[in-house]
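Trainee: Mind looking over this structure? Questions follow.
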Amino acid sequence: MAGNLIARSVHDLTAAAWFGGSLMGAIGLNGAAAEAKDPSERTRLSSAGWMKWAPLQTAAFASHLVADLAIAWENKDRIAKQDGVARDTVVKTAVTVLGAGVTLYSGILGKKVEKLAGEGAEGATEPRAEASDELKAAQQQLKMLQWAIPAFAAAVIILGAKHGEMQRPKNVFAGLRAA
């Protein structure tokens, strides 16, 4: 069996962790935190959950990057010679980097919301009417980002599947560039 099974497995599992963790957080964690009786506990509990997830997410991103590099090294000739592979590699890399940046920025906003938790909130991403402009802005941005992050992760997974399809012998043969 040619290839790099370990790198591909790490690549796919870390992308799945990014997707599943972000989606579960947006729906499950934030939804559960919104049920807290004390409005100041809503953002505090959500922030605490996200902070517990952050180390695993960081490790997943680092592992994903290492796996990406190993896969690219294994496929360097195909990237250079098969039509469309280099373009798709650049697109997938850009989506991954943008998604990681959005995820990092979301963490920064989450720290801001955690710092302002004492103001109380309707939910993790829903401010109270009397909340400060700083809290309202952070929560409104988080509300959008909590859905953008799993979309980025899903795109990375889909582009990875496309790369896999491009490795089928019939697709490799059809896409080989004339030397």
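The values are calculated or read from the model by the stated rules, or taken from the named source; none is laboratory data. All of these numbers come straight from a predicted model, not from anything done at the bench. Neighbour counts are summed over all protein chains in view; Cβ atoms, including those assigned to glycine, are modelled from backbone coordinates with ideal geometry. Ligands, DNA and RNA are stripped out before the accessible areas are found, and what is left, the full protein with its side chains, is counted by its heavy atoms. Shrake-Rupley method; radii C 1.70, N 1.55, O 1.52, S 1.80 Å.
Trainee: Would you mind getting the Kirkwood hydrodynamic radius of segment 60-152 from its Cα pairs, rounded to one decimal in Å?
Mentor: 15.6 Å
Trainee: Using Cα pairs closer than 8 Å and at least 6 residues apart in sequence, work out the relative contact order for segment 16-116, in percent.
Mentor: Rounded, it is 28 percent for segment 16-116.
Trainee: Further, regarding this structure: For the pair LYS37 and ASP83, what calculated FRET efficiency results from E = 1/(1 + (r/R0)^6), where r is the Cβ-Cβ distance and R0 = 45 Å, to the nearest 0.05?
Mentor: It comes to 0.15.
Trainee: May I pose another question? With a cut-off of 8 Å between alpha carbons and a minimum separation of six or more residues, what is the relative contact order of the chain in percent?
Mentor: Dividing the mean separation by the residue count of the chain yields 34 percent.
Trainee: Leaving out ligands, DNA and RNA, what percent of the accessible area of the chain is carbon and sulfur, probe 1.4 Å?
Mentor: The nonpolar share, carbon plus sulfur, comes to 68 percent.
Trainee: Which order do you get for GLU35, GLU165 if you rank them by accessible area with a 1.4 Å probe, largest at the top?
Mentor: GLU35, GLU165
Trainee: Which value, in Å², gives the accessible area per residue of segment 83-122 when a 1.4 Å probe is used on the protein heavy atoms?
Mentor: 52 Å²
Trainee: Hey, another quick one. Go through (1) 19.9, 68; (2) 16.7, 62; (3) 15.9, 49 and flag the label whose value is the computed Rg and Dmax of the Cα atoms in Å for this structure.
Mentor: (1)
Trainee: If you count only protein heavy atoms and use a 1.4 Å probe, how large is the accessible surface of MET144, to the nearest 10 Å²?
Mentor: Estimated to the nearest 10 Å², MET144 gives 130 Å².
Trainee: Also: Can you give the accessible area per residue of segment 1-65, in Å², using a 1.4 Å probe?
Mentor: It amounts to 56 Å² per residue over segment 1-65.
Trainee: Within 13 Å, Cβ to Cβ, of SER63, how many net charges do the neighbouring residues add up to if Lys/Arg are +1 and Asp/Glu are -1?
Mentor: Summing Lys/Arg as +1 and Asp/Glu as -1 gives -1.
Trainee: While we're looking at this one, here's another question. Quick one: putting +1 on the C-beta of Lys and Arg, -1 on the C-beta of Asp and Glu, what dipole do you get for segment 88-174 around its Cα centre, in Debye to the nearest 20?
Mentor: Result for segment 88-174 is approximately 500 debye, rounded to the nearest 20.
Trainee: When all C-alpha to C-alpha distances in segment 65-115 are sorted into bins of 10 Å, what percent of pairs does each bin hold, rounded to whole numbers?
Mentor: Going out from 0 Å in 10 Å bins, segment 65-115 shows 23, 37, 20, 14, 6, 0 percent.
Trainee: Under 19 Å Cα to Cα from LYS52, which aspartates and glutamates show up? Leave out anything in the same chain fewer than 8 places away.
Mentor: Excluding near neighbours in sequence, the set is GLU41, GLU114.
Trainee: Add -39500 (n - 2.57) for each DSSP H run of 4 or more in the chain, then divide by its residues: what number comes out at 222 nm, to the nearest 500 deg cm²/dmol?
Mentor: Rounded to the nearest 500, it is -26500 deg cm²/dmol.
Trainee: Further question: For LYS81, list the lysines whose Cα falls under 28 Å from its own Cα; do not include residues on the same chain fewer than 8 positions away.
Mentor: Candidates past the 8-residue exclusion: LYS92, LYS162, LYS170.
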